[in-house]
Amino acid sequence: MGRFAEKYGPWAVVTGASAGIGAEFALRIAERGVNVVLVARRRNRLEELASAIEDMYRVEARVAPVDLTARDFIEVLQPVLSDIEVGLLVNCAGFGTTGPFLDMDPGVQEAMLNLNCRATALLTHEIAQGMQERGRGGVVIVSSVSGFCAARGMAHYNATKAYGLIFAEGLAPELAAYGVDVQALCPGGTYTEFQAVAGLDPHNFGPLRRLVFTSPTRVVATSLESLGGRVTVVPGWLNRFLVFTMRLVPRPVARWMFGLLMERFSANR
């Protein structure tokens, strides 16, 4: 058993595992010898991924087709988790919307709040208690570069990502005393299904999209290599420069700059 599996095994729970960054997390964690519980709504995708993981890496993969926006999702998950020891939790599930907040469907906005914030808090509370008792483990909370600054057109989404960022940064010193690592992972543009759901189009950046966007593989590699080191992890030098700039300039200027960036990103421009 490798160092990673000793520290973060024998099981990991990955939410949002049916596609994108979540699916890549599941693959790379399994590659390191840790069994995985795959959590998302789409059973067929989870079963396909679980089969591939077991064939490639000879670890166990369980599927948990659960709607994390539901009020009782913890109760639904408990039978899947009751007989295993979870050493790593990756809170990756989330979605976004774009456009003026008052034009949005309030039901969709409530679902986004529940998935991006409430599910992260409740699942972390449920699972990290066992890590604290055992004196080892890790929690990854996937935030975003968007969590560092407000922007018109993404007011609510950015606020939910700011929640994840601040939650992780505050939780990290609390759990460090028990040997549990916490990371706030803040990717920028990443080639996943997220853009289509949120109404964003990477092609609007033209040739610059190669600099602005990266793959889930690179994001996850950066996260796992940094786990147990830095708390706040921003993959990509351009994203780190953007975050650094937003922290230096006055907040009204940062909001204006990030708003222009989001307008450029919008599929409806």
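Structure notes:
- Among LEU248, LEU89, LEU81, the largest mean-square fluctuation in a Gaussian network model of the chain (Cα springs under 10 Å) belongs to LEU248.
- Counting beta carbons within 10 Å around each of THR15, THR98, THR222 and listing the fewest first gives the order THR222, THR98, THR15.
- Working from label points 7 Å from Cα in the Cα-to-Cβ sense, the ILE166 to GLU85 distance is 3.6 nm.
- Within the chain: Cβ-based charge dipole about Cα centre, in debye rounded to nearest 20 (Lys, Arg +1; Asp, Glu -1): 1040 debye
- Restricting region 61-152 to chymotrypsin sites (Phe, Trp or Tyr not before Pro) in coil, as DSSP defines it, with at most 16 other Cβ within 10 Å: none
- Residues MET246, MET131, ranked from the fewest to the most other C-beta atoms within 10 Å, line up as MET246, MET131.
- With both labels modelled 7 Å from their Cα along Cα-to-Cβ, the GLU174 to SER215 distance reads 3.7 nm.
- GluC sites (Glu not before Pro) restricted to DSSP loop in region 45-112 with at most 14 other C-beta within 10 Å: GLU85
- Taking 0.36 nm per residue of separation and subtracting the current Cα-Cα distance, fully stretching the chain between PHE241 and ASN44 would add 67.0 nm.
- Neighbour-count ranking [beta-carbon atoms within 10 angstrom, fewest first] of TYR8, TYR178: TYR178, TYR8
- HN-Hα J in Hz across region 111-124 - Karplus 6.51, -1.76, 1.60, θ = phi - 60°, x for Gly and Pro: 4, 5, 4, 5, 6, 6, 10, 4, 4, 4, 5, 5, 5, 5
- Of all DSSP bridge pairs formed entirely within the chain, close to 5 percent run antiparallel.
- Under-5 Å amide H pairs with GLY137, H placed in peptide plane, nonlocal only: ASP181
- Size-normalised alpha-carbon gyration radius of region 3-265, reference 2.2 N^0.38 Å: 0.97
Just so you know, all these numbers are worked out from the coordinates, no wet-lab data involved. Computed from a predicted model, the values in this text were never measured in an experiment. We place every Cβ from the backbone using ideal geometry, glycine too, and count neighbours over all the protein chains shown.
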